[in-house]
Amino acid sequence: MRVTSGGRYLPLVDGLRFLAIMPVIVQHTSERLIRHTPVEFSTPIEQDQLAFLASRGTIGVFIFFALSGFMLSLPFAKYHLEGGKEVSIKQYFLRRFTRIEPPYLVWMTVFGLVLILQGAWAAGDMLPHWLASCFYIHNFVYGEYSVINPVAWSLEIEIQFYLLAPWIVGMFFSIKDARARQLALIASTFGFIALQHGMGWQYFPYKPTLLGQLQHFLTGIWLADCYLSHWRKKESRHLAWDFAFIPALLLMAYTWTEEFGKSLLFAVAMAAVFTAAFRGRFFHNILQFRWIAVIGGMCYTIYLTHLPLLELQMKFTNQLTIGKHYLPNLLLQLTIALPIIFTISAVFYLLLEKPFMQLKAPYFKGLVQTYTAMLPPFLRLQPLKKALVRVGASFSFLFFLFLPKNLVAQDEFNFRLPPLDTLIKKAIEKSPSLRSQDVWIETKKEEWKVEKKSWADLVTVGGTALFGTNTVLDYQQTTVNSEYISVDRRSAIYNAGLTLRFSLGDVLTRGDKAHIKRLDYEKAQADRQVIEWQIREEVLVRYDRFEASYRMLDIEAQNVEAIRMALEVAKKYFEEGSLEVSEYSTTLSRFATAQKQFEQAKLSAKHDYRMLLEIAGL
């Protein structure tokens, strides 16, 4: 299994890398066959449709570009869409440098020296080309592919995208609305193709630059958005996409030109290929097949080495022919080439590429120590037999190192984990502590609301009311000395009074009480964040612990298998009488110890796996 910088290993991505590298190998094999074979084909190459399809292998490079856009987008997209960990730009560039540069420098130096030793180039003439290639500017400086290894043209474009990816990806994923973001990505892809053809960037000298290829990386960014927003959350598979897979690949092959309309169709076809790979059933499973993913996982070494290896092979096999037809002769050369390319790439993948997939390589160091620890028991054997045993032990180690890292663990326990972000999200959703805290927060919120309305408690209202009638006695005397008395009953009289009383202490402390309630509410919210971060930390710790146990299990499994192979060899020589009993007993003892350590590693990995699922509520 490949070493990833973070998150879950996706075997499908390595399967897509296999899909990308194979057309490139077929194209370069076909080119060398046509160039070096003495056969005059019955059908002219210009009219042979199979030869035409073989010449379309560069579509694999464009698939690589899209995969780079996809993989580099994921951490930035998770940060913007899911609130994940912010990506450190420093660590991002350091990761890219240590991942790409060491194998590249080694191989460019080796192939440059080979050309010098062959007499094809003088050292003084080679040096500027070597420097330009090492700094990924050969296309720019010389206006042509690297003379040391022509396939490096695409790596120079990759580097250009690496430098701009954080800002390009961040620009798109800062758009929070999913539909608007998708439209922006699609519009940008087709808009850039239109701009590219309007400016003539699809031709040299712009073609081997990001200006000539950016649309493929944009397709990868769109793929990352689809994967995070939809496909990962609802993993539905449809046979309809399987039926679209092959036609979409063929459409890519027939629309790879500089024409505007075909460039638009090419982008659509590439999107359909990736969608079929993720959403189909049959091809989705095929691309995740163990050996396909393993070969795809070491595609960088294959990419760097396959062309010189093909050139070397054709010096010896160009005279091998089968009839007068193109296809049998191509298959013959591929039958010879593929085992050579895959075997040599596997060795140098382990030696040069894999150790640099992480800034530190304790895994690789541990394997070397395990390997060297096997040799002492055989040092006292006769020289010839000692050499045979060493070769057998070395072969067994290379064989088991070549297997995917999760061979034993995945077969026996089927360890399958969602991505780390999903585990954290599930743990937060299903945490009883957080559910209890949410209830407490709601309680404090309601108390704060009640306290804000407590002004009515500060006022005491009272009053009096008087109701009655008014009677008036009227005495009058007239000029004629006549007198009379009248009684006047007037209307009712109302009298009311209102009394307001305030508690001075409550008035003065009311604001403070409301402030205290608000602080209680804010504290409850802060406590929730603390609990959430504790859950995140616990998941991370458990995840790292399981990952360490998982790796240890894999190392112990490989150790058991390697020692078992060595034991079989030792047993053979012991039965022949060529190996002493003490040495054979030592090997048996080491095999038993290795089995014990393997069983302990299994228990540890199983425990850590179950604890992680328990915390996540899965």
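The values are calculated or read from the model by the stated rules, or taken from the named source; none is laboratory data. Model, not experiment: these values are computed from the prediction. A quick note on method: Cβ atoms are made from the backbone with ideal geometry, for glycine too, and the neighbour counts reach across all protein chains shown. Side chains included, ligands, DNA and RNA excluded: accessible areas come from the protein's heavy atoms. Shrake-Rupley method; radii C 1.70, N 1.55, O 1.52, S 1.80 Å.
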With all protein chains present, the range 239-321 has a carbon and sulfur share of its accessible area (1.4 Å probe) in percent of 72 percent
For Lys354 the rounded accessible area (nearest 10 Å², probe 1.4 Å, non-protein molecules ignored) is 20 Å²
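Please list Phe97, Phe348, Phe173 from largest to smallest accessible area, probe radius 1.4 Å, with all protein chains kept in place.
Working: Phe97 120, Phe348 70, Phe173 0 Å².
Sorted by accessible area, descending: Phe97, Phe348, Phe173.
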Under a 1.4 Å probe, counting only protein heavy atoms, Tyr521 has an accessible area in Å², nearest 10, of 30 Å²
If R0 = 25 Å, then Leu131 and Leu163, at their Cβ-Cβ distance, give a FRET efficiency to the nearest 0.05 of 0.85
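At a 1.4 Å probe radius, carbon and sulfur cover how many percent of the accessible area of the range 84-210?
Values: 4600 of 6480 Å².
Roughly 71 percent of what the probe reaches on the range 84-210 is carbon or sulfur.
In the structure displayed, which of Lys234/Lys425; Lys426/Lys449; Lys449/Lys513; Lys78/Lys425 lie more than 23 Å apart, Cα to Cα?
Long pairs (Cα-Cα over 23 Å): Lys426/Lys449.
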Under the Karplus relation with 6.51, -1.76 and 1.60 and θ = phi - 60°, whole-Hz ³J(HN,Hα) for the range 185-202, x at Gly and Pro, equal 5, 5, 5, 5, 5, 6, x, 5, 4, 5, 5, 4, 6, x, 8, x, 6, 7
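Once you sort the root eigenvalues of the Cα gyration tensor of the range 97-251 as a ≥ b ≥ c, which label holds: rounded (a/c under 1.5), prolate (a/b larger than b/c) or oblate (the other case)? Intermediate values should be presented prior to the final figure.
On the way: a/c = 2.27, a/b = 2.03, b/c = 1.12.
Since a/c reaches 1.5 and a/b is larger than b/c, the shape of the range 97-251 is classed as prolate.
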Regression test value, accessible area per residue of the range 232-363, probe 1.4 Å, units Å², expected 47 Å²
For the range 268-284, Karplus-derived ³J(HN,Hα) couplings (6.51, -1.76, 1.60; θ = phi - 60°; whole Hz; x for glycine and proline) come out as 5, 5, 5, 4, 5, 4, 5, 4, 5, 5, 7, 9, x, 9, 5, 5, 4
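Between their Cα atoms, which of Lys176/Lys233; Lys176/Lys517; Lys354/Lys602; Lys207/Lys324; Lys233/Lys430; Lys430/Lys606 are more than 26 Å away from each other? Don't jump to the answer; show the numbers that get you there.
Numbers: Lys176/Lys233 17 Å; Lys176/Lys517 35 Å; Lys354/Lys602 24 Å; Lys207/Lys324 36 Å; Lys233/Lys430 17 Å; Lys430/Lys606 22 Å.
Violating the 26 Å limit, Cα to Cα: Lys176/Lys517; Lys207/Lys324.
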Quick note, the range 32-129: a/c under 1.5 would make it rounded; otherwise a/b > b/c is prolate and the rest oblate (a ≥ b ≥ c, C-alpha gyration tensor); here it is oblate
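What number comes out for accessible area per residue over the range 561-602 if the probe is 1.4 Å? Units Å², please.
That works out to 56 Å² per residue.
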With a ≥ b ≥ c from the Cα gyration tensor eigenvalues, square-rooted, and the rule rounded for a/c under 1.5, otherwise prolate when a/b > b/c and oblate otherwise, the range 236-345 is prolate
For the range 41-100, the per residue accessible area (1.4 Å probe, Å²) is 46 Å²
In whole Hz, the Karplus estimates of ³J(HN,Hα) for the range 145-152 (6.51, -1.76, 1.60; θ = phi - 60°; x where Gly or Pro) are 5, 4, 6, 7, 8, x, 5, 5
The alpha-carbon center of the range 145-197 and that of the range 564-580 are separated, in whole Å, by 58 Å
With every protein chain in place, the accessible area of His197 for a 1.4 Å probe, in Å² rounded to the nearest 10, comes to 40 Å²
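For Tyr145, Tyr584, write out the residues from largest to smallest accessible area, computed with a 1.4 angstrom probe and no ligands counted. Don't jump to the answer; show the numbers that get you there.
On the way: Tyr145 80, Tyr584 35 Å².
Listed by decreasing accessible area, they come as Tyr145, Tyr584.
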Sorted on mean Cβ neighbours within 10 Å (highest first), peptides 85-92, 328-335 come out as 328-335, 85-92
